[in-house]
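The values are calculated or read from the model by the stated rules, or taken from the named source; none is laboratory data. For clarity, every value in this text was computed on a predicted model and none was experimentally measured. Glycine also receives a Cβ, built like all others from the backbone with ideal geometry; neighbour counts cover every protein chain displayed.
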Amino acid sequence: MQKDINHNLQKWNDEKIYGKNIKIAVLDTGIDKNSSDLSYIKGVNFTSDNVDEFADDNGHGTKIAGIIGARKNNHTLLGIAPESDLYIAKVANGNGDVKFENLVKGIYWDIEQNVDIINISLEFSGRNGELHEAVKKASEKNIIVVSSSGNIKQEGDSGNAYPGAYPEVIGVGMLNVKGKIYAEEFKKKKVDVFAPGEDIFSLYFDNKMTLDTGVSFATAYTPGYSALLIQKHKDNNTRYDQKQIISELKKDLEKKM
């Protein structure tokens, strides 16, 4: 992502496709509700009893939302799908910790909102039956679910991460700034598509910008591009499913591999 997150976006800009009216759910640490560059339709908090307080007290969720849908009001930063509709589910606390049950609640809430895409830039090292059942329910509704394949914490770390490793979820791996696979370990994981994750600009608190590296940010690219693809399908009244979206994502995101 440049300051316009401009990886292979020119063709979409030429077609005037910006993710208009595509509903994207962001399950993360919340969002900076005071950001002039972010707009959301609805939000909810599953980390405490105060369900309406979904403000970000970590920063991660704001960064993810910025990559997906920053509106370029206060900065030169423009998200991949700036006309998409963001639905914010706070499922992780200020330390970035997330519980299975909160993530599951968030997914079911997303289904109730009739979203088109769910982004989960979070992961667990183990399986969970309730979590798998939730993503199955989303998939049955033809909701595109996207999740991280897991950060490489050390050399040799090739274990699968969940929910990204479930077949109903698009698992995302990470490319470096040259468009090559960031680490060999990603080749041993369940990865459906690779996306840029090194030196990624996004939004931070107080209308500031930040530069980060991580598979979380590669994951955020994927719902952004998925929104563009889905808008085109809806505009053309053509059908789509997860398999087709993965195939089309590869054409956009893996050109240099």
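Values for this structure:
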{"item": "Count of residues meeting criterion [within 18 Å of residue 219 (Cβ to Cβ) and in contact (Cβ under 8 Å) with a residue 40 or more places away in the chain] in the range 50-76", "result": "12"}
{"item": "Scan of the range 112-131 for residues that are crowded, with 17+ Cβ neighbours inside 10 Å and part of a helix (DSSP H, G or I), ordered by number", "result": "131"}
{"item": "Extreme residue, farthest from residue 147 (Cα to Cα), among residues of the range 43-96 that are of a type in the set (Gly, Ala, Ser), within 17 Å of the chain's Cα centre (by Cα) and in a strand (DSSP E or B)", "result": "43"}
{"item": "Selection count, the range 218-245, where residues are in a helix (DSSP H, G or I) and either among the aromatic types (Phe, Trp, Tyr) or within 25 Å of residue 71 (Cβ to Cβ) (or both)", "result": "19"}
{"item": "Index of the failed condition, residue 194 passing every other in (1) under 14 Å from residue 60 (Cβ atoms); (2) buried (at least 24 other Cβ atoms within 10 Å of the Cβ); (3) not charged (D, E, K, R)", "result": "(1)"}
{"item": "Every pair of residues 6+ apart whose Cβ atoms lie under 6 Å, when the first sits in the range 89-101 and is buried (at least 17 other Cβ atoms within 10 Å of the Cβ) while the second is of a type in the set (S, T, N, Q) and part of a helix (DSSP H, G or I)", "result": "91/102"}
{"item": "So residue 108, is it surrounded by fewer than 24 Cβ atoms within 10 Å (Cβ to Cβ) and closer than 23 Å to residue 229 by Cβ", "result": "no"}
{"item": "Residue 195, sole failed condition from (1) in a helix (DSSP H, G or I); (2) touching a Phe, Trp or Tyr at 6+ places or on another chain (Cβ under 6 Å); (3) among the small types (Gly, Ala, Ser)", "result": "(1)"}
{"item": "Out of 165, 92, sole residue that is small (Gly, Ala, Ser), more than 26 Å from residue 57 (Cβ to Cβ) and at pLDDT 90 or above", "result": "165"}
{"item": "Qualifying residue in the range 62-85 (condition: β-branched (Val, Ile, Thr), within 12 Å of residue 25 (Cβ to Cβ) and out of contact with any helix residue (DSSP H, G or I) (no Cβ under 7 Å at 6 or more places or on another chain))", "result": "no"}
{"item": "Sole exception among (1) closer than 20 Å to residue 192 by Cα; (2) free of Cβ contacts under 8 Å to residues at least 24 places away in the same chain for residue 116, by number", "result": "(2)"}
{"item": "Count - residues of the range 12-58 that are at pLDDT below 85 and either closer than 23 Å to residue 198 by Cα or surrounded by 17 or more Cβ atoms within 10 Å (Cβ to Cβ) (or both)", "result": "0"}
{"item": "Residue 144 being within 28 Å of residue 231 (Cβ to Cβ), β-branched (Val, Ile, Thr), crowded, with 24+ Cβ neighbours inside 10 Å and modelled with pLDDT of 95 or more", "result": "yes"}
